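For reference, the structure is listed below as structure tokens.
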Amino acid sequence: MNRVAIVGVGCSRLGSTSRDVSYREMIFEAAVKCYEDAGGIHPQDIDAFVASSEDFMEGISIADEYVPDQLGAVLKPVQSITGDSLQGLASAMMHIQTGQMDLVVASSFSKASNVQHYENVVSYACDPVTVRPLGENPYFIAGLEMQRYLYETGTSEAHCAQVVAENKYNALFNPLAVYGAKTDIEQVLASPQLFSPLKYQDIAHHADGAVVVLLASERKARELAKKPVWIKGIGWATDTPNLDSRQDGWGDAVYARLAARQAYKMAGITSPRHEICFAEIDDTFSYKQLQHLEALNICARGEAGKLLCQGEFSRQGGFPVNMSGGSLGVGYLHEANGLYKLAEVVWQLRGEAGRRQLDGVKTGLAFAWRGIPTATGVAVILSNLE
Amino acid sequence: MAFLERSTKNTENRYWYPEENTFPVSNRYTTGVAGQRFFGELKDNARITGTRCHSCQVTFVPARMFCERCFARLDDWLDVGSEGTVFSYTVAYVNRDGSAKPEPAIIAAVRVADGILVHRLLGCNAGEVTIGMKVQAVFRPEAERTGSILDISHFRPV
Ligand SMILES: [Zn+2]
């Protein structure tokens, strides 16, 4: 199989709002950073571009047609993936693996602050005859999931609150993060109930920003990059969209289990907790980080909360998780969530993660979930080892 | 290769895509062969129906035309009754638009046969709900039923 490396990463400034630039100017900023990070690539030298976005979020439809100019992709092969940007990454990777292309871009963005009625966009994604007619805020689905997860695993609301406290604390050391804070379990537990047991602080708040990543064939990576980061494995899976037949998928993130299995197999990983050094894992809701850690086979079901509270997933722990601050600390970047997590893993593997740098890390995991009401996840294994 | 300009004053950022330029987008959604029959049964007979896949030993509720697991055609229609058990539940404190509800509402995932119906749970307070609790669908009067999931008014404890 043709090997593929990440040779450039660019992230725009992030913000809870971004009144100073349009979303296309924001992507342009990330693209310029990415191309300079790759040693000063001109977009003319890039073979193809993959953007990840969803209609309705941009205030326009057929968003794919708006992709080219801000990436330097006018009159080039361009493709859009309606999903998380790590699904876009998988597509960009496959472009290179055809052997026909050497340099391919994956890009994504969030301009969440422009979305006036996000709950309606999510409602529109819910089943139109069994769920939408209830007229409820679709985040109730997360409340149902969390309740079932806590029931099946014996995890507590305090364990979930500790996820929030740790991630927001980690975010204090990430200059890009929007929602860094020093908080504690009591404060999180005391935040307003929204869809109990889900509380206001259990939910990652939205942020604006763009991430652009440049992928290269092995030949091109050796030519360009001082520190290529290799994609060792990738996997993705989607559970049924029907809430009525999700079965095990309510309490367990089955999509994550399957995505990880595929990625681990490709990377030759049999004991993820020991063979992977650290991870950036979806924490759209606090309980999701714990549920995902278990589904990714980092620990057994019902263990994640306890291990978290013992410090296993902190900087000094055996398996650091979300040193970036995660979505709870950085901000929820919609389809760009996955690429941001990937960018964090790349910075760590290059030794460029500043004050959040982990010592001697060789292999990292990025995992993204597509959010309510979906059951889609993508796992990527990256390494700085040859 | 970068732009050198930025807005530096919020008061200067005037040119939004204006609210007045938005327009409603609406559409129809075809419930399909199985949906037509499922919602017809709700409306006409106050009956919840499922279809059984005999090779997977699963009864889908709401009824489907095909099994999502083994891809078989499903034509064994069953009346699955109006009772189920609470599979999960949540207490919603806010409406769709984020405004506070006057009274928190219990929303339950109710297991009926092998399917799950998500619906309101009335007739008990939040502290009384438990996973595994038996509940029953309460139908609207025939004259008010329209062929919608809301023909079930709510679930209540048995
Ligand atoms: Zn079947």
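The values are calculated or read from the model by the stated rules, or taken from the named source; none is laboratory data. Since this is a predicted model, take the numbers as computed values, not measurements. Ideal geometry is used to build each Cβ from the backbone, glycine not excepted, and the neighbour counts take in all protein chains shown. Accessible surface areas use protein heavy atoms only, side chains included; no ligands, DNA or RNA. Shrake-Rupley method; radii C 1.70, N 1.55, O 1.52, S 1.80 Å.
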- Message: Given the condition within 16 Å of the ligand (Cβ to nearest atom) and open to solvent by 50 Å² or more (accessible area, probe 1.4 Å), answer yes or no: does some residue in the stretch B:78-90 qualify?
- Response: yes
- Message: Restricting to the stretch A:112-142, give me the number of residues that are within 7 Å of another protein chain (Cβ to nearest Cβ) and within 21 Å of the chain's Cα centre (by Cα).
- Response: 1
- Query: more than 8 Å from the ligand (Cβ to nearest atom), under 20 Å from the mean Cα position of the chain (by Cα), surrounded by 14 or more Cβ atoms within 10 Å (Cβ to Cβ) and facing chain A (nearest Cβ under 10 Å): does that describe B:V61?
  - Reply: yes
- Picked from the stretch A:171-192 (must be open to solvent by less than 70 Å² (accessible area, probe 1.4 Å), under 30 Å from B:I107 (Cβ atoms) and among the polar types (S, T, N, Q)), the residue farthest from the other protein chains (Cβ to nearest Cβ) is A:T183
- Subset of the stretch B:26-40 (residues that are open to solvent by 100 Å² or more (accessible area, probe 1.4 Å) and within 9 Å of chain A (Cβ to nearest Cβ)): B:Y29
- Query: Are any residues in the stretch B:64-77 over 21 Å from A:V129 (Cα atoms) and within 8 Å of the ligand (Cβ to nearest atom), and if so, which ones?
  - Reply: B:R69, B:C70, B:F71, B:A72
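Give me a count of the residues in the stretch A:204-226 that are closer than 30 Å to A:E166 by Cα and open to solvent by 20 Å² or more (accessible area, probe 1.4 Å).
Looking only at the stretch A:204-226, we keep the residues that are closer than 30 Å to A:E166 by Cα, and these are A:204-213.
Restricting the remaining residues to those that are open to solvent by 20 Å² or more (accessible area, probe 1.4 Å) gives A:205-206.
Count: 2.
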- Which of (1) open to solvent by less than 10 Å² (accessible area, probe 1.4 Å); (2) in contact with a Leu (Cβ under 6 Å, 6 or more places away or on another chain); (3) away from chain B (no Cβ under 14 Å) does A:M146 not meet, given it meets every other one? (3)
- Item | Residues of the stretch A:25-78 classified as open to solvent by less than 30 Å² (accessible area, probe 1.4 Å), in contact (Cβ under 8 Å) with a residue 24 or more places away in the chain and outside any loop (DSSP other than H, G, I, E, B), total | 15
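Report, by residue number, each residue of the stretch A:271-305 that is among the charged types (D, E, K, R), in contact with a strand residue (DSSP E or B) (Cβ under 8 Å, 6 or more places away or on another chain) and buried (at least 24 other Cβ atoms within 10 Å of the Cβ). Write out each step before concluding.
Step one: list which residues in the stretch A:271-305 are among the charged types (D, E, K, R), which gives A:273, A:275, A:280, A:282-283, A:288, A:294, A:301, A:303.
Next, from what is left, pick out any that are in contact with a strand residue (DSSP E or B) (Cβ under 8 Å, 6 or more places away or on another chain): A:275, A:280, A:282, A:288.
Hits for the stretch A:271-305 are A:E280, A:D282, A:K288.
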